[in-house]
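Student: Pasting in a structure now, in structure tokens, and then I'll have a few things to ask.
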Amino acid sequence: LITGGAGFIGSHLALRLLEEGHQIRIIDNLSNCSESFMKSIPKEIEFNQMDLLTSDRLSAVVKGMDQVVHCAAHSEIKTIDFGQRPDFSSGLMGTYRLMEAIRENPVAEFVFLSSSSVYGEANEKPTPESYGPLAPISTYAAAKIAAEAWCSAYGHSLGMKVTIFRLANIIGPRA
């Protein structure tokens with residue numbers, strides 16, 4: 001299962017995993033989708049248009065999955081956005097609702113796509129994973145740090161393998 005599967009990263013991942021012979025199910029609310037991917041979505045990919053924040057079908061879509069890759073996020077990175085809540089709702093509450101669906105329907109492995117923005121204005125480039133302290137300078141980065149902790153706690157409590165990737169500057173076809 002790939003959340004945000006119609007977005008830039010999620011759609012590329014879905015196609016690659018399909019090429020490798022995996023059965024793919026994606027969730028996307030289409031707020032940030034790749035139109036070229038949606039026009040050519042292979043019939044072998046099960047597409048579920050839904051929002052992690054509001055769907056009552058989330059648990060049913062998670063059921064039967066052995067791995068979940070959580071790519072869904074509000075991807076507009078601004079310095080600060082106190083007046084709006086997309087980072088909090090999409091980044092943290094969406095992750096919480098997904099983890100609750102996984103608690104009801106256990107999976108063996110969970111992958112969370114975080115961001116190198118959690119390091120803030122790092123003095124060391126390239127920034128090693130051991131860099132600290134984490135010092136976010138945007139609400140996007142703050143939500144990513146909080147979601148990382150949430151995923152780690154759920155993984156520990158549920159005995160689920162959790163992998164977190166802090167991606168930076170993703171480019172490629174359809175960008």
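The values are calculated or read from the model by the stated rules, or taken from the named source; none is laboratory data. In this text the structure is predicted, and so the values were computed from the model without any measurement. Cβ placement follows ideal geometry from the backbone for every residue including glycine, while neighbour counts extend to all protein chains displayed. Ligands, DNA and RNA are stripped out before the accessible areas are found, and what is left, the full protein with its side chains, is counted by its heavy atoms. Shrake-Rupley method; radii C 1.70, N 1.55, O 1.52, S 1.80 Å.
Student: Report, ordered by the first and then the second residue, all pairs with beta carbons closer than 6 Å, sequence separation of six or more or different chains, a first member in segment 146-175 that is in a loop (DSSP other than H, G, I, E, B), and a second member that is modelled with pLDDT under 95 and loosely packed, with under 12 Cβ neighbours inside 10 Å.
Tutor: As it stands, the answer is R174/S36, since those pairs meet every condition given.
Student: State whether one or more residues within segment 49-63 are of a type in the set (D, E, K, R) and in contact with a helix residue (DSSP H, G or I) (Cβ under 9 Å, 6 or more places away or on another chain). If you could, list the steps in order and put the result at the bottom.
Tutor: Start the filter on segment 49-63 by keeping residues that are of a type in the set (D, E, K, R), which leaves 51, 56-57, 63.
With the extra rule that they be in contact with a helix residue (DSSP H, G or I) (Cβ under 9 Å, 6 or more places away or on another chain), the set shrinks to 51, 63.
Yes - at least one qualifying residue is present in segment 49-63.
Student: So which residues in segment 142-161 are within 13 Å of the chain's Cα centre (by Cα) and open to solvent by less than 20 Å² (accessible area, probe 1.4 Å)?
Tutor: A143, K144, A147, E148, C151
Student: Can E124 be described as in contact with a Ser or Thr (Cβ under 7 Å, 6 or more places away or on another chain), among the charged types (D, E, K, R) and at pLDDT 90 or above?
Tutor: no
Student: P106 passes all but one of (1) over 18 Å from W150 (Cα atoms); (2) open to solvent by 80 Å² or more (accessible area, probe 1.4 Å); which number fails?
Tutor: Only one criterion is unmet by P106, namely (1).
Student: Among (1) among the hydrophobic types (A, V, I, L, M, F, W, C); (2) part of a loop (DSSP other than H, G, I, E, B); (3) out of contact with any Cys (no Cβ under 7 Å at 6 or more places or on another chain), there is one condition M93 misses while meeting the rest; what is its number?
Tutor: Tallying (1) among the hydrophobic types (A, V, I, L, M, F, W, C); (2) part of a loop (DSSP other than H, G, I, E, B); (3) out of contact with any Cys (no Cβ under 7 Å at 6 or more places or on another chain), M93 fails exactly one: (2).
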